[in-house]
């Protein structure tokens, strides 16, 4: 659960950092387990920040820290040379409200992980993972999902639920959902992958393929394409309702809860936008097809020399190969 925003806003409003010499002003807040938490401002730009002190965890000197359009993560000087001190800082062009929401969510994730007994190295991973999810969210524009993206996310969550119901452990199934993290395909499972496409079309199944790599099985096999056909219906389920249902499924398993929250943020789903997703969907059918010889696709190895990128559309209703149950695909992938 996110920390209350007032905790940070009151601290930031009481600080001012306009000195010409680079430095920090900070106010201590309740820690997240062993991790010290401070709300701060940095001179000379007076930027809002959250300062985190990890007593013994370490980062490799060359490790690249995440940064987005509205924030950066940097190493901050510490009075204790043994302590790793990181600063999550708002950039001048970043929205103050969005940064505050991010700070509340990131520190809340640390609180939950600490309450579940996570050790300090794990808490550092939680921090970097959650910030990375926000990095992806801001890269995608930090706006309400487009109608097409909304349908796509419903399709991916629908398949995620099917994977869990088929017997794949919760945390493993959610961790395999790498599409929101800009993975080449939506799920990396066992030895292979699953790409998900969703449509509202009643006639044909148009599927947009975003790159030459998306349907390339030269590195990971087998590769499946799952087509989720949806219908709008008054008795259907909205995206926020589907998200709430998935959170209920994950409840009680802290690692699954954390991973699901990260993936949703990275996918562009922001709870503050939930009331804007009013469409309700029912699942008409799901078709799972193995992508192999004879399947209509463009890959790096099948296009003429000199073609380095492409986007194209196929009709899954006309694609080669029989549809198989999702459970059978998961058995071929070696995860059940």
Inset, instruction - Name the residue, out of 87, 93, 62, that is assigned by TED's automatic domain parsing to the domain that holds residue 25 and part of a strand (DSSP E or B). - result: 87
Legend entry - Breaking point among (1) assigned to a helix (DSSP H, G or I); (2) farther than 30 Å from residue 93 by Cβ; (3) touching a residue at least 24 places away in the same chain (Cβ under 8 Å); (4) in contact with a helix residue (DSSP H, G or I) (Cβ under 7 Å, 6 or more places away or on another chain), for residue 118: (1)
Inset, instruction - Go through (1) over 26 Å from residue 219 (Cα atoms); (2) within 25 Å of the chain's Cα centre (by Cα) and name the single condition residue 259 misses. - result: (1)
Legend entry - Qualifying position, being closer than 25 Å to residue 204 by Cα, at pLDDT 95 or above and touching a strand residue (DSSP E or B) at 6+ places or on another chain (Cβ under 9 Å), among 310, 319: 310
Legend entry - The lone exception for residue 212 - which of (1) surrounded by fewer than 22 Cβ atoms within 10 Å (Cβ to Cβ); (2) modelled with pLDDT of 95 or more; (3) touching a helix residue (DSSP H, G or I) at 6+ places or on another chain (Cβ under 9 Å); (4) in a loop (DSSP other than H, G, I, E, B) it fails: (3)
Legend entry - Condition met for residue 233 (surrounded by fewer than 16 Cβ atoms within 10 Å (Cβ to Cβ), in contact with a strand residue (DSSP E or B) (Cβ under 8 Å, 6 or more places away or on another chain) and assigned to a loop (DSSP other than H, G, I, E, B)): no
Inset, instruction - Output the number of residues of region 127-155 satisfying the condition of being buried (at least 18 other Cβ atoms within 10 Å of the Cβ), in a helix (DSSP H, G or I) and over 13 Å from the mean Cα position of the chain (by Cα). - result: 6
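Each row is one residue, and each column tells you yes or no for (1) surrounded by 19 or more Cβ atoms within 10 Å (Cβ to Cβ); (2) assigned to a helix (DSSP H, G or I); (3) touching a residue at least 12 places away in the same chain (Cβ under 8 Å).
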{"residue": "97", "(1), (2), (3)": "no, yes, no"}
{"residue": "102", "(1), (2), (3)": "yes, yes, yes"}
{"residue": "108", "(1), (2), (3)": "no, yes, yes"}
{"residue": "114", "(1), (2), (3)": "yes, yes, yes"}
{"residue": "125", "(1), (2), (3)": "no, yes, no"}
Legend entry - Matching residues, region 1-12, being surrounded by fewer than 12 Cβ atoms within 10 Å (Cβ to Cβ) and farther than 13 Å from residue 108 by Cβ: 6
Inset, instruction - Please verify whether region 162-176 includes one or more residues that are on the phi > 0 side of the Ramachandran plot, in contact with a helix residue (DSSP H, G or I) (Cβ under 7 Å, 6 or more places away or on another chain) and part of a loop (DSSP other than H, G, I, E, B). - result: no
Inset, instruction - Kindly provide the set of residues from region 77-95 that are modelled with pLDDT under 90 and in contact with a strand residue (DSSP E or B) (Cβ under 6 Å, 6 or more places away or on another chain), ordered by number. - result: 78, 83
Legend entry - Hits in region 281-307 (condition: outside any loop (DSSP other than H, G, I, E, B) and crowded, with 16+ Cβ neighbours inside 10 Å): 281, 283, 286, 287, 288, 289, 290
Legend entry - Any pair with Cβ under 6 angstrom, 6 or more apart, that starts in region 171-196 at a residue that is closer than 21 Å to residue 131 by Cβ and assigned by TED's automatic domain parsing to the domain that holds residue 257 and ends at one that is at pLDDT 95 or above and assigned to a loop (DSSP other than H, G, I, E, B): 179/186; 180/267
Inset, instruction - Sort out which residues of region 193-222 are under 20 Å from the mean Cα position of the chain (by Cα) and closer than 22 Å to residue 334 by Cβ, and write them in order of number. - result: 193, 194, 195, 196, 214
Legend entry - Any pair with Cβ under 8 angstrom, 6 or more apart, that starts in region 313-328 at a residue that is in contact (Cβ under 8 Å) with a residue 60 or more places away in the chain and in the same structural domain as residue 297 (by TED's automatic domain parsing) and ends at one that is surrounded by 13 or more Cβ atoms within 10 Å (Cβ to Cβ) and in a helix (DSSP H, G or I): 326/159; 326/162; 326/163
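Among what's in region 32-45 and is closer than 18 Å to residue 19 by Cα and crowded, with 16+ Cβ neighbours inside 10 Å, pick the residue that is farthest from the chain's Cα centre (by Cα).
43
The values are calculated or read from the model by the stated rules, or taken from the named source; none is laboratory data. In this text, all values refer to a predicted model and were calculated from it rather than measured experimentally. Every residue, glycine as well, gets a Cβ built from its backbone with ideal geometry; the counts of neighbours run over all protein chains shown.
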